[in-house]
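Heads up, the thing below is written out as structure tokens.
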Amino acid sequence: MGKQYRAIAEANSRNPQDWGRAMAWAMSDLSTQALADDSHERLFGKDLVMRVDPTDEGVSISLCWDAPEGVERTDTGAIPMGTGHDRDDDVADPEEGAAHPT
């Protein structure tokens, strides 16, 4: 088995209908970490694991993908969450204390 990739984002609501932006951010970050920009389609048809944990003000959403052997970035490797993103109060990065745009 190859490398495991994980991305985490927070939503400031406990209502599932409000989690879309956090889930989208986590998915975008996961694909950026794991795959070169032009190969996101390698995730099509693959199983991802999503975990939802309560936080003080909402939920933390994490997505994980176990890449098959030989399927991983070959350029610069994982890109840390929070780098180069502007503030948005709806989706926060729990690790960096930054927030991600929608």
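Read-outs: derived from the displayed coordinates by stated rules, not from any lab. Quantities reported herein were computed from a predicted structural model and do not represent experimental measurements. Backbone-built Cβ (ideal geometry, glycine too); neighbour counts: all protein chains shown.
Checking every one of the chymotrypsin sites (Phe, Trp or Tyr not before Pro) in the range 9-70 against DSSP loop status and a limit of 10 other Cβ atoms within 10 Å picks out Phe44.
What the Cβ-Cβ distance of Gln17 and Asp53 gives, at R0 = 25 Å and to the nearest 0.05, is a FRET efficiency of 0.90. Taking other C-beta atoms within 10 angstrom as a stand-in for reagent exposure, Asp66, Asp29, Asp47, Asp56 fall in the order Asp56, Asp47, Asp66, Asp29, fewest first.
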